[in-house]
């Protein structure tokens, strides 16, 4: 089993780097491969079981797309062949057609027919709770962009907070074993039921690292976010 962290010097803002570390703690026998921004991605040889991408700056998005452009057919082929992908924060935007910003269209990888609409004068901050299948998913957001267009499949149904745009009932998107979400930070550690689902889907034991601790924290967060008085939005809508 091989876990590949893509562009760790770029795509690991907001604590997103914890996703690969925590997953490796759950699968200590797996190989953990870090692909630097100037390295050839490991996935092009079919040797990656799960690819991890995280948040980055807007300038780093441009460099990441430039580096991935020549490998995008290999990336899509690996995803079609069943490679798992966890993409958090604005790394989700890389898979779309373009980013619209102040009238400019910034090309992305164009793997799926959606776009990101960015407004650098307004940062959206909010808490989030939703459902994936029968699993409650919790988290938080801080973003300048929202997604518009057509998505392969819905990922998380919104119960509280913002979806792909404010008022949207769907958050993120899914395609086969690709799971993309704007939720930030240690997404896998703060959502142990989803991580168990992920491990089982990969044919691995669903025993979690620090299972008691992460489960207790998850239950507290889920209870808080389920309350009728929960304030989800921290910036003006």
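Averaging sequence separations of C-alpha pairs under 8 Å and six or more residues apart, then dividing by the length of the chain, give the relative contact order as a whole percent.
Result for the chain is 19 percent.
Could you rank the peptides 31-44, 183-196 by their average count of other C-beta atoms within 10 Å per residue, with the highest value first?
Highest to lowest by the protection proxy: 183-196, 31-44.
Pick from 81, 110, 16 the residue whose mean-square fluctuation is largest in a GNM of the chain, springs joining Cα atoms under 10 Å.
Comparing 81, 110, 16 in the GNM, the peak value goes to 81.
Computed from these coordinates, which is mean projected area of the Cα convex hull in nm²: (i) 15.6; (ii) 12.0; (iii) 14.7?
(ii)
Stretched out fully, how many nm does the piece from residue 207 to residue 102 gain, at 0.36 nm a residue minus the Cα gap?
Here the answer is 33.1 nm.
Which number comes out as Rg/Rh for region 74-154 once both Rg and the Kirkwood Rh are worked out on C-alpha atoms?
Numbers: Rg = 14.2 Å, Rh = 14.2 Å.
Expressed as Rg/Rh, it is 0.99.
Just from its helices, what would the mean residue ellipticity at 222 nm be for the chain, if runs of 4 or more DSSP H residues each count -39500 (n - 2.57) and the sum is divided by every residue, rounded to the nearest 500 deg cm²/dmol?
Taking each H run of at least 4 residues, the total per residue is -7500 deg cm²/dmol.
Under 10 Å, Cα contacts only: if you run a Gaussian network model on the chain, which one of 59, 157, 67 comes out with the highest mean-square fluctuation?
Between 59, 157, 67, it is 59 that shows the largest mean-square fluctuation.
Taking 7 Å along the Cα-to-C-beta vector as the label spot, tell me the residue 219-residue 2 distance in nanometres, rounded to one decimal.
About 3.9 nm, to one decimal.
Which order do peptides 114-121, 99-106 fall in by mean Cβ count within 10 Å, highest first?
Details: 114-121: 16.9, 99-106: 13.0.
Per-residue mean Cβ counts within 10 Å order the peptides as 114-121, 99-106.
Set the Förster distance to 41 Å, then compute FRET efficiency between residue 81 and residue 228 from the Cβ-Cβ distance, nearest 0.05.
Once the sixth-power term is evaluated, E becomes 0.35.
Could you please tell me the mean projected area of the C-alpha convex hull for region 1-127, averaged over all directions and given in square nanometres to one decimal? Each step should come with its number before you reach the end.
On the way: hull surface 32.9 nm².
Projected area, direction-averaged: 8.2 nm².
In whole percent, what relative contact order does region 25-141 give with Cα contacts below 8 Å and a gap of six or more residues?
Computed over region 25-141, the figure is 18 percent.
Express as a percent, rounded to the nearest 5, the fraction of DSSP beta bridges in the chain (both residues included) that run antiparallel.
The answer is about 60 percent antiparallel.
Which whole-number percentage describes the relative contact order of region 132-237, with Cα contacts under 8 Å and a sequence gap of 6 or more?
After rounding, I find 24 percent.
Testing the spin-label approximation: label points 7 Å from Cα along Cα→Cβ at residue 66 and residue 153. State their distance in nm.
3.6
We did not get these values from a lab; they are worked out from the coordinates using the rules stated. These figures come from a predicted structure and were not determined experimentally. For neighbour counting, all protein chains shown are included, and Cβ atoms are generated from backbone atoms with ideal geometry for every residue, glycine included.
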